[in-house]
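Visitor: Pasting a structure here, questions to come.
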Amino acid sequence: MRIAYLLPSLHTSGWRRYAEDLLRALAGEVEPVLIHAADDAELAAELFPEWERYALPVVQDASLSSHRTRGHLLRSLWRARRLSMPRPALVHSLEAYPAGLIGHTLARRWNVPHVLTAHGTYAVLWVRYPLDRWAYQRVLRGAAAICPVSHGTADLMRQTFPEALPAERLHVILNGNDFWRRVPAEDALQRPWPERPTVLTVGDIKARKGMHISLAAFARLHSAMPQARYWIVGKYRPEDPYYQFLQQLVHEHNLQDAVTFWGRVDDAQLDALYRQASLFVLASQAEDLRFEGFGLVYIEAGAYGLPVIGTRSGGIPDAVRDGETGLLVPPEDVEALAQAMRRLLEDEDLARRMGQANRRLSESLTWQRAADDWMKIYAGGRLVG
């Protein structure tokens, strides 16, 4: 089956990982034809040298608010109507909008089904902008299948665009991962209990990731467990106001000897930090229409056999199975988060059981499983209209 894939920006790590891993898993079943942004031409050739590739001025940028980028989008729509390539069996947009708008245009031109993946924020953000809202609803109404990467994303899409999302066209396909391949099962399932209680957070240092909540919770934990330490891994700029606010919290609570900001680390360093941690915490918050679409980092922690603590926000409950692989707490609830940390650090048996369950979850959420779910969509059993 020949399928045209609309690729979001390959220079954005999350989109690149999704495109590369899903397409590799599908490659034995379909004939991919890739449509990407002109700026991604070199990277697309490096990642996918064996497949047909076509370039448009833009497909999906991380930010589409500028007039310059919107101009590129209009040129892409014009070019899409004139793109010279053999007709595929269907079109799959790997992001809902605006990549989905180009996919919708191509599918109508070729008279083939259009299916799309919906990732978190970009699945609902467009309700803010009247013209984009109108265009996006046309994309949703015209799609044969709409596949959010989590049930939380699906719920928010239903709430935001209720009339454009018939239930029979909405199918959740959870993200895959290959983190578990990097860590031998025996290392994860029989990991030694760290001598010093260590809480680990991995994520870009910004308010939506909730480091101010987890840091305040750790301060309460530290009062009861002075030997505990907190490691925060993720890129930051020293002059950034949010990073400076976090440093202020560290000093206010006298945590200079307990909290370490590691910044961006390489894979070997990250591996070592995961292996030395006792539990993983990421207290992500929803900021207006920006939220965690799934939360692959919790699954990465699971590859190492770590129990995890997350928030009941967005798609996180699909990545953190409350009471099984970890604990969920309400967003912005510092006391609940502090209690959850203490519970897992004081109960080694519970932490081990949850960590082992998280490893099993990581092993089950494979890209092959995601590819199999997509093949059911492609095969037509779930296509409507």
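The values are calculated or read from the model by the stated rules, or taken from the named source; none is laboratory data. Note that this is a predicted model, so its numbers are computed, not measured. Using ideal geometry, Cβ is built from the backbone for each residue, glycine included, and neighbour counts are taken over all protein chains shown.
Visitor: Taking interchain pairs and intrachain pairs at least six residues apart, which have beta carbon atoms under 7 angstrom, with the first residue in region 12-40 and crowded, with 17+ Cβ neighbours inside 10 Å and the second charged (D, E, K, R)?
Guide: Trp15/Glu95; Asp21/Asp178; Val33/Arg2; Val33/Glu52; Leu34/Glu52; Leu34/Arg53; His36/Arg53
Visitor: What's the number of the condition Ala154 fails, among (1) closer than 23 Å to Arg321 by Cβ; (2) aliphatic (A, V, I, L, M); (3) modelled with pLDDT under 95; (4) out of contact with any Ser or Thr (no Cβ under 8 Å at 6 or more places or on another chain)?
Guide: That leaves (3) as the condition not met.
Visitor: Go through region 276-380 and tell me which strands (runs of 3 or more DSSP E), entirely inside it, have 1 or more residues that are in contact with a Phe, Trp or Tyr (Cβ under 6 Å, 6 or more places away or on another chain) and either assigned by TED's automatic domain parsing to the domain that holds Gln190 or touching a residue at least 24 places away in the same chain (Cβ under 8 Å) (or both).
Guide: Working: elements: 279-281, 308-311, 326-329.
Counting at least 1 such residues, we get 308-311.
Visitor: Checking the structure you have, find out if any residue of region 251-262 is assigned to a loop (DSSP other than H, G, I, E, B) and either in contact (Cβ under 8 Å) with a residue 60 or more places away in the chain or touching a Gly at 6+ places or on another chain (Cβ under 9 Å) (or both).
Guide: no
Visitor: Report, by residue number, each residue of region 93-122 that is under 21 Å from Arg16 (Cα atoms), in a helix (DSSP H, G or I) and touching a strand residue (DSSP E or B) at 6+ places or on another chain (Cβ under 6 Å).
Guide: Ala99, Gly100, Ile102, Gly103, Thr121
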